[in-house]
Each structure stands twice: as C-alpha cells, then as structure tokens.
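Note sheet for the following structure.
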Amino acid sequence: NRAIVRTSAIYDLLTAIGFVTPWSVPSTLSLIFGAGEAVGLGAALPSFGPVQMLFVNLMGSAVLVWSLARLAFPTQAMGRFDALSRALFLIWEVWAVLQGAPVVILAFAIAEIGFGIAELLPVTAKAS
C-alpha cells in the first residue's frame with residue numbers, strides 16, 4: 001500500500017505542478033488540449049481571468065503540497081484520504097464534462113479511478 005500511495009503522489013505531483021503558477025498554466029493547458037486534439041477530442045482552450053487563475057493556482061498548490069505530504073508519509077491513512085479526494089475530483093470532472101467541458105478532461109478520470117480503487121484495497125500482512 002505504501003508503494004501505491006507513493007506512486008499516486010508522484011503522478012499527482014507531475015500533473016499538478018503545471019497549475020501552481022499563472023505563468024505555467026497556459027502551456028500546461030495547451031499540452032492537455034493539444035493531446036486531446038491529437039486523439040480527436042479537440043476543444044477551444046479557455047481563457048482565464050484573474051479570479052479563475054487564482055483558483056487554478058490554489059488547486060495546483062494544494063495538490064502539490066498534498067503530494068509532498070504523501071511522499072513524506074505514505075501511510076494507509078493517507079492513501080484512504082487520497083482515495084476520498086480522488087472520488088471528489090472524479091465527480092467534478094464528470095460534472096464539468098456533462099456541463100460542456102472538453103471530454104479530454106476524462107483522461108484524468110482514469111487515474112482517479114485506478115489510484116482510488118488501489119488505495120482502498122485491503123492491506124495484508126507480508127508473510128515472513
């Protein structure tokens with residue numbers, strides 16, 4: 001379970017780091033939307049005002065710190081809390097797509113489901 005918590009933390013660190021600053025968000029979104037366009041899920045890149053950018057940066061910063069906490073303390077409890085956060089992220093990703101957001105957002109849902117399930121699996125003691 002510790003390896004799963006660490007792996008999910010590394011994934012989150014890599015996916016969230018581009019959302020931490022207002023200067024990195026445009027290129028991060030261009031990458032995501034460009035990948036979506038490459039597989040036929042193209043959509044217009046949204047523009048952000050200062051308030052929207054603030055919330056994107058706050059989310060990126062919170063996920064960054066949460067990732068570092070799980071890397072430092074990869075416990076079962078941290079994994080369970082992370083599974084809860086993944087369920088919430090999944091709900092809002094699906095909701096956004098149902099409201100007209102680009103389907104490419106659902107690519108993140110795959111990781112949310114996979115890591116969320118893995119972090120909820122029962123932990124068994126290793127045989128000695």
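The values are calculated or read from the model by the stated rules, or taken from the named source; none is laboratory data. Nothing here was measured: the structure is a model prediction, and the numbers come from that model. Positions of Cβ are generated from backbone atoms using ideal geometry, with glycine treated the same way; all protein chains shown enter the neighbour counts. The protein model used for the area step is the full one, side chains on, heavy atoms only, and it has no ligands, DNA or RNA in it. Shrake-Rupley method; radii C 1.70, N 1.55, O 1.52, S 1.80 Å.
A few notes on this one:
- Residue under evaluation Val63, criteria (1) among the aliphatic types (A, V, I, L, M); (2) assigned to a loop (DSSP other than H, G, I, E, B); (3) open to solvent by less than 30 Å² (accessible area, probe 1.4 Å), criterion not met: (2)
- Note on the range 30-43: residues that are open to solvent by 80 Å² or more (accessible area, probe 1.4 Å) and at pLDDT below 85 total 3.
- The residues in the range 1-19 that are open to solvent by less than 30 Å² (accessible area, probe 1.4 Å) and assigned to a loop (DSSP other than H, G, I, E, B) can be counted, and the count is 0.
- Exclusive hit being exposed (fewer than 12 other Cβ atoms within 10 Å of the Cβ) and farther than 17 Å from Glu119 by Cβ, set Pro22, Pro46, Pro102: Pro46
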